[in-house]
Amino acid sequence: MFSANSLTPRQTEIIDFLQELRRKGKNSPTYREIADHFGFKSPKAAADHVRALEKKGYVRRRKGRSRGIELLFSERPSTNGAISVPVLGNIPAGYPETQTEYQHGTLTVDPAILGGSTGHRLFALRVNGESMTGRGIHEGDWVVADADVSPKEGDVVVALIDGENTLKTLAGQKNGYFLKAESPNYSDLIPTDEMDIQGVVRAVLRRIY
């Protein structure tokens, strides 16, 4: 879990700057724009601060993109108690796919539905596919995931398996864990190389048409 106490004053200012841009719906800044905003002598100074923030788990830098800085956590509750959670693209609930994640705005979420995840690094993804219908998750839903809790068997997780992303239930077997589909139309996924759990789903949001 991230803590504001782990940030330097300058890093806190940069996070506040990134949050303000996100609230206004603007693109993430370039290193040059960060340097100009804070009066740094060169973009390298800005890049060094962002690199340190990435190591601490506050941001992610998307390689090959000039505006590739992404905040990886929800903002603190606003005056009305709501939490702003960044939407980082789509997640396959079907067959795994290679995903290029980028921010699609935010979702405003009531902390009451997140339980003990308030204050954690939260992110949201829109669901593609129907492999999780047995857990009440359908195509077009949004899932809110917590990157700061340890996954356990039975959790619905956002996972990177053999280099591809998917949404499945974490299940155990004799030789380790695998990803269980919650629909008879889809197969379970057993990692051949590696599996990384990127977040545990804490809420499912659905638009009623």
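Odds and ends about this structure:
- Members of the range 6-26 found to be loosely packed, with under 15 Cβ neighbours inside 10 Å and within 19 Å of the chain's Cα centre (by Cα), listed by number: Asp16, Glu20, Arg23, Gly25, Lys26
- Looking only at residues in the range 158-192 that are touching a Leu at 6+ places or on another chain (Cβ under 9 Å) and acidic (Asp, Glu), the one that is modelled with the highest pLDDT is Asp188.
- Candidate set from the range 193-209 (those that are at pLDDT below 85 and over 23 Å from Val109 (Cα atoms)); member that is surrounded by the fewest Cβ atoms within 10 Å (Cβ to Cβ): Asp193
- Tally, over the range 89-129, of residues that are modelled with pLDDT of 75 or more and assigned to a strand (DSSP E or B): 15
- Looking only at the range 1-28, and only at residues there that are closer than 15 Å to Pro86 by Cβ and part of a loop (DSSP other than H, G, I, E, B), the one that is modelled with the lowest pLDDT: Phe2
- Long-range neighbours under 8 Å by Cβ, at least six apart or interchain, first residue touching a residue at least 40 places away in the same chain (Cβ under 8 Å) within the range 125-140, second β-branched (Val, Ile, Thr) and in a loop (DSSP other than H, G, I, E, B): Val127/Ile137
- Residue that is modelled with the highest pLDDT [pool: residues in the range 29-70 that are among the basic types (Lys, Arg) and touching a strand residue (DSSP E or B) at 6+ places or on another chain (Cβ under 8 Å)]: Arg51
The values are calculated or read from the model by the stated rules, or taken from the named source; none is laboratory data. No experiment lies behind these values; they were computed from the predicted model shown. When we count neighbours, we look across all protein chains shown, and the Cβ atoms used for this are built from the backbone with ideal geometry, even at glycine.
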